[in-house]
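Colleague: My structure is below; once you've seen it, I'll send some questions.
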Amino acid sequence: MRLLIAEDEPTLQAQLLRLVGEAGYAADATGDGVDAEYRGMSEDFDAVVLDLGLPGRDGLAVLRAWREAGRAMPVLVLTARGAWHEKVVGMDAGADDYLAKPFHGPELLARLRALIRRSAGLPSPRLRCGNVSLDTRSGRVTLDDEEISLTAHEYRLLHYLMHRPGSIVSRAELTEHLYAQDFDRDSNTIEVFVGRLRKKLGAARIQTVRGLGYRIAPDD
Ligand code: CA
């Protein structure tokens, strides 16, 4: 999952990047409203953390522009503490959730998990595809109730696929959603990680759809 962090305060931006990075997300950051708007229009993020007070273009205008253009990614707005009216206009402008500054890291992560889950139409934080289960809260993956150890990259890939059970996901989509923009993206590495996941989870779990991409089997 890849996030856009739009926050102009350098210390907070760095804290947010570290927080979501440690939680396994790829993330791009910007401190400018015009750049944030452009990125949200031109790239597919799984969720956006949007500060309302951005230089260049304020967060509300950015959010309204995205929604008017039909951009549907989940957006969590960061508001000033006690500014209840900011929450109201933020939600009315198309925000999916808000958090007042200062906030606690675990709360931000929980809200992001819920937003991403809901936008995928999944009711439970515990994802299940046949005998494979992934708990998005703890990061624990099990096969037939036995815990499986995955590397960070393997986990990210499985996490993305399990949010789209039964759907074909192209290599280009995986590359875009698993790596930040400044990461050296090489779509061949996706194939390597798929191979490793198949060894750990059973070869039939992740199917190759020739010429199109991969699909995780939702059932056994
Ligand atoms: Ca700000």
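The values are calculated or read from the model by the stated rules, or taken from the named source; none is laboratory data. Small disclaimer: the values here were computed from a predicted structure and weren't measured. Cβ sites come from the backbone with ideal geometry, for glycine too, and all protein chains shown count toward neighbours. Just the protein is used for accessible areas: all its heavy atoms, side chains included, with ligands, DNA and RNA removed. Shrake-Rupley method; radii C 1.70, N 1.55, O 1.52, S 1.80 Å.
Colleague: Please give the Cα centre distance for region 136-166 versus region 93-133, rounded to the nearest Å.
Modeller: 16 Å
Colleague: Next question, about the same structure. Along Cα→Cβ, 7 Å out, is where each label goes; now give me the distance between the ones at residue 89 and residue 35 in nm to one decimal.
Modeller: A separation of 2.5 nm, rounded to one decimal place.
Colleague: Still on this structure, please answer the following. Averaged per residue, what accessible surface does region 1-98 expose to a 1.4 Å probe, in Å²? Show your work: numbers first, answer last.
Modeller: Working: 4110 Å² over 98 residues.
That works out to 42 Å² per residue.
Colleague: If you roll a 1.4 Å probe over region 90-182 with all protein chains in place, what percent of the accessible area is carbon or sulfur? Each step should come with its number before you reach the end.
Modeller: Values: 2010 of 4390 Å².
Its accessible area is 46 percent carbon and sulfur atoms.
Colleague: Calculate, in nm to one decimal, what residue 143 and residue 192 gain on full extension: separation in residues at 0.36 nm each, minus their alpha carbon distance.
Modeller: Numbers: separation 49, 0.36 × 49 = 17.64 nm, distance 2.03 nm.
Extra length from residue 143 to residue 192 when fully extended: 15.6 nm.
Colleague: With only alpha-carbon atoms counted, please give the Rg and Dmax of region 1-76, in Å.
Modeller: Considering region 1-76 through its Cα atoms, Rg and Dmax are 11.4, 33 Å.
Colleague: Then there is this: Sorted by mean Cβ packing within 10 Å, highest first, what order do the peptides 78-91, 30-43 take?
Modeller: Working: 78-91: 15.2, 30-43: 18.0.
Taking the mean over residues of other Cβ atoms within 10 Å, the ranking is 30-43, 78-91.
Colleague: At 0.36 nm per residue, minus the direct Cα-Cα distance, what do residue 184 and residue 100 gain on full extension? Give it in nm, one decimal, please. All intermediate terms of the calculation are to be shown ahead of the outcome.
Modeller: On the way: separation 84, 0.36 × 84 = 30.24 nm, distance 3.44 nm.
Value of the extension gain: 26.8 nm.
Colleague: Compute the distance in nm between two label points, each set 7 Å from the Cα along the Cα-to-Cβ direction, one at residue 9 and one at residue 68.
Modeller: Here the answer is 2.9 nm between the modelled labels.
Colleague: Could I ask something else about it? In units of 2.2 N^0.38 Å, what is the alpha-carbon radius of gyration of region 126-216?
Modeller: On the way: Rg = 12.5 Å, N = 91, 2.2 N^0.38 = 12.2 Å.
Output field value: 1.02.
Colleague: Which chymotrypsin sites (Phe, Trp or Tyr not before Pro) from region 129-220 combine a DSSP loop assignment with at most 16 other Cβ atoms within 10 Å?
Modeller: Details: sites: 155, 160, 179, 183, 193, 214; in loops: 179, 183.
Here the sparse-neighbourhood loop sites are 183.
Colleague: Another question about this same structure. Apply the Karplus curve 6.51 cos²θ - 1.76 cosθ + 1.60, θ = phi - 60°, to the phi angles in region 171-178 and return the couplings in whole Hz, x for Gly and Pro.
Modeller: Going residue by residue, I get 5, 4, 5, 4, 4, 5, 8, 9 Hz, with x marking Gly and Pro.
Colleague: I would also like to ask the following. Solvent-accessible area per residue for region 126-198 at a 1.4 Å probe radius, Å²? Intermediate results must be reported in sequence, preceding the final value.
Modeller: Details: 3540 Å² over 73 residues.
Ligands and nucleic acids excluded, the result is 49 Å² per residue.
Colleague: At R0 = 45 Å, how high is the FRET efficiency between residue 57 and residue 219 if r is their beta carbon distance? Nearest 0.05 is fine.
Modeller: Numbers: r = 46 Å, r/R0 = 1.02.
With R0 = 45 Å, the Cβ-Cβ based efficiency is 0.45.
Colleague: Non-local amide H neighbours of residue 27 (under 5 Å, H modeled in plane, Pro and chain starts lacking H): which ones?
Modeller: When sequence neighbours closer than 5 places are left aside, the close amide H contacts are 3, 180.
Colleague: Under the definition of Cα pairs under 8 Å and six or more residues apart, what whole-number percent is the relative contact order of the chain?
Modeller: 17 percent
Colleague: Same structure again: With an 8 Å Cα cut-off and a minimum separation of 6 or more residues, compute the relative contact order for region 77-120 in percent. The partial results should precede the final answer.
Modeller: On the way: 31 pairs, mean separation 16.5, N = 44.
RCO, region 77-120: 38 percent.
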